[in-house]
Amino acid sequence: MIAVLKNGVTEVQKNNLIAWLKNQGVGVHLSEGEYQTVIGLIGDTSRIDIDLLSGLDIIEHVTRISEPFKCANRRFHPQDTVVEIGSGENKVLIGGGHFAVIAGPCSVESEEQIVGIARAVKATGATLLRGGAFKPRTSPYDFQGLRGEGLELLRKAREATGLPIVTEIMSASHLDMFEDVDLIQVGARNMQNFELLKELGRSKHPILLKRGLASTLKELLMSAEYIMSGGNENVILCERGIRSYDTYTRNVLDLSAIPMLKELSHLPVIVDPSHATGKARLVEPMSMAATAAGADGLIIEVHNDPEHALCDGAQSITPAQFDTVYGKVRSIREIIGKQTR
Ligand code: PEP
Ligand code: MN
């Protein structure tokens, strides 16, 4: 349920109303925009007398939200959420007009590899460095990632370049190790690992939540809701392609998910053209298309030697190709009237 306040309501009136609502046993989420203040009510709202609430002279109107996702709902929070990642001069914003490009290898393989790639993508303009330390592989016989050592090497690359780091968590029991990770990724395979999502909801870490291989947008938003209802509103959604019947591409990039998610939710939406297509040569057109469709950022796999990559070489582009892709993405941003660094 949301209650929209009339213009000109005083702080005291607003605080009294919030206290009264909390007293009725519901959670309260306040969203103060330039033109409107919206109070979102979470939990068992059946205890609220909607006629009584609508009748208060400080209330413009009250509406029940029929969608099962509340915190993630745009009606709860009409203005775009801007997620802040990292700190100091390397702080990165995503959402609300701030566009970020995350680049780096599928997996961290060595210090030389990750630091070298970090320097190269930073020189082009990437604002965050990706790199998997714990890898969710279909086969237990494939490279599983350097794990703790991989995290250590990501820290070294951050020290060398200042780029905030993005890496995937696979188990809530690893949270301590991820304490200083700037943006924690929940991969497609863990999108519905509800215990992990609840743990992440208790932290304040920014979370990159990737869409499951066969998940609907509603399921993705409900997973975001698991994190947000725990008190962590720093969630970025990621469209990374969904399973279909065609075999030429690894997945099918659902471009319509971008405007649809942005209509339904205030959370930033980024796109992963690498996992969506599985083919390095398709990364450029899909990066451009996603940008044109209004994505708030991209996450792109970049490797110095794709042919010998330990994971996802076929979809990885080289730093030189990344430079070209980045230039084209910037041009698209200009065409749609937005600026990119
Ligand atoms: C990844 O980003 O390396 C990854 C495994 O992605 P996804 O979870 O989307 O498959
Ligand atoms: Mn990968």
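The values are calculated or read from the model by the stated rules, or taken from the named source; none is laboratory data. Just so it is clear, the model here is predicted, and its values are computed rather than measured. With ideal geometry, Cβ positions are generated from the backbone for all residues, glycine too; neighbour counts draw on all protein chains shown.
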Within the stretch 153-191, residues surrounded by fewer than 16 Cβ atoms within 10 Å (Cβ to Cβ), within 16 Å of ligand 1 (Cβ to nearest atom) and not small (Gly, Ala, Ser) come out as ARG189
Out of (1) surrounded by 19 or more Cβ atoms within 10 Å (Cβ to Cβ); (2) away from ligand 2 (no atom under 16 Å from the Cβ); (3) at pLDDT 95 or above, the one GLU195 does not meet is (1)
By residue number, the members of the stretch 306-338 that are without any contact (Cβ under 8 Å) to a residue 40 or more places away in the chain and part of a loop (DSSP other than H, G, I, E, B) are THR318, GLY337
Suppose the filter is surrounded by fewer than 24 Cβ atoms within 10 Å (Cβ to Cβ) and either of a type in the set (Phe, Trp, Tyr) or assigned to a helix (DSSP H, G or I) (or both); does GLU225 pass it?
yes
Quiz item: at pLDDT 95 or above, within 16 Å of ligand 2 (Cβ to nearest atom) and under 18 Å from the mean Cα position of the chain (by Cα), is that true of ASP272?
Solution: yes
Checked the stretch 259-284 for anything more than 16 Å from ligand 1 (Cβ to nearest atom) and in contact (Cβ under 8 Å) with a residue 12 or more places away in the chain; matches are PRO259, MET260, LYS262, GLU263, LEU264, SER265, HIS266, LEU267, PRO268, GLU284
In the stretch 178-195, anything more than 16 Å from the chain's Cα centre (by Cα) and either hydrophobic (A, V, I, L, M, F, W, C) or farther than 14 Å from GLU219 by Cβ (or both) is listed as PHE178, GLU179, ASP180, PHE194, GLU195
Log entry, pairs with first residue in the stretch 147-174 being over 20 Å from MET191 (Cα atoms), second being hydroxyl-bearing (Ser, Thr, Tyr) and outside any helix (DSSP H, G or I), beta carbons closer than 9 Å, six or more apart or on different chains, reads GLY150/SER107; GLY150/THR167; LEU151/THR167; LEU153/SER110; LEU154/THR167; LEU163/THR127; PRO164/SER87; PRO164/THR127
